[in-house]
Amino acid sequence: MNNSVGNTARLIGAGLRALLVLTVICGVIYPLAVTGIAQAVFNDKANGSEIKDKSGQVVGSSLIGQSYNLPKKDPNDAEEAAKPDLKWFQPRPSNGLGANTVNTQYSLILSGATNKAADSGAVNGKCTDQADEGTLCAQVLAAKAAVIADNSTATYEVKPQDVPADAVTSSGSGLDPNISPAYAELQIHRVAEKNGLTVKQVEKLVKDNTQGRTLGFMGEPRVNVLELNTALKALAKG
């Protein structure tokens, strides 16, 4: 009886000591070590890849896309369609992007793709004006028409063949923060006109904010829209 109680007490004591040691190691020392290394070596990434404007205010993360729309006439009207604020470079189409005009209210809505098949609404493998409303073809055609209309100016005409795929399709997550250099370049004349800048100024802005392939061979060249618009805001204010 006494031996049994003693053995039980020793086992409980050993278990408690192991719990205490593992708690200190795994719950205190390890997290502090990982946090310290992350802050020292990957400070920017560890803090959420924050982007700051000229005043030092955080305007968002370079990892999450944002939309640039005009304020709604009635903020409580869920049915009112959002209209793009054309003085800013526009991101890929998506229902998942939160609002941001280089930093006001930014709220993430959702993440996800349309889940529509590539031939949704297609007739004989092609998207036509006869595509049923709500199909992928209808969405792409509407987005393409909007891109052409929004980005054509008095001195620059956007042709249908000039519209890149990322201008009319969303990413798999719906939160892609980047656009292709081709889509950024397509928007240059409109952005220059709306902000009272020269085309050359905006062209340089796009060039300076274009990133090449990761390690020179992975992925595609890209332009981070938030970084580009943050730089545009600084340039426009002069």
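Miscellaneous remarks
- Residues (in contact with a helix residue (DSSP H, G or I) (Cβ under 9 Å, 6 or more places away or on another chain) and not in a loop (DSSP other than H, G, I, E, B)) located in region 146-164: 147, 148, 150, 151, 153, 156, 160, 162
- Restricting region 120-141 to residues that are of a type in the set (Val, Ile, Thr) and assigned to a loop (DSSP other than H, G, I, E, B), the residue that is modelled with the highest pLDDT: 135
- Residue check, residue 193 of a type in the set (Asp, Glu) and either assigned to a helix (DSSP H, G or I) or touching a strand residue (DSSP E or B) at 6+ places or on another chain (Cβ under 6 Å) (or both): yes
- Residue match in region 31-45 (condition: in contact (Cβ under 8 Å) with a residue 40 or more places away in the chain and of a type in the set (Val, Ile, Thr)): no
- Taking region 151-164 as the range and being surrounded by fewer than 16 Cβ atoms within 10 Å (Cβ to Cβ), over 18 Å from residue 128 (Cβ atoms) and not hydroxyl-bearing (Ser, Thr, Tyr) as the test, the residues that pass are 154, 157, 159, 162.
- Look at (1) closer than 25 Å to residue 151 by Cα; (2) in contact with a helix residue (DSSP H, G or I) (Cβ under 8 Å, 6 or more places away or on another chain) and you find that residue 38 fails only one, number (1).
- Residue in region 21-35 that is touching a helix residue (DSSP H, G or I) at 6+ places or on another chain (Cβ under 9 Å) and either surrounded by 10 or more Cβ atoms within 10 Å (Cβ to Cβ) or basic (Lys, Arg) (or both) present: yes
- Matching residues, region 165-182, being part of a helix (DSSP H, G or I) and either surrounded by fewer than 16 Cβ atoms within 10 Å (Cβ to Cβ) or out of contact with any strand residue (DSSP E or B) (no Cβ under 8 Å at 6 or more places or on another chain) (or both): 165, 182
- Checking 117, 82, 99 one by one, the residue that is of a type in the set (A, V, I, L, M), surrounded by fewer than 16 Cβ atoms within 10 Å (Cβ to Cβ) and either in contact with a helix residue (DSSP H, G or I) (Cβ under 8 Å, 6 or more places away or on another chain) or at pLDDT below 75 (or both) is 117 and no other.
The values are calculated or read from the model by the stated rules, or taken from the named source; none is laboratory data. Here the structure is a predicted model, which is why all the values come from computation and not from measurement. Because the Cβ atoms are built from the backbone with ideal geometry, glycine has one as well, and the counts that use them run over all protein chains shown.
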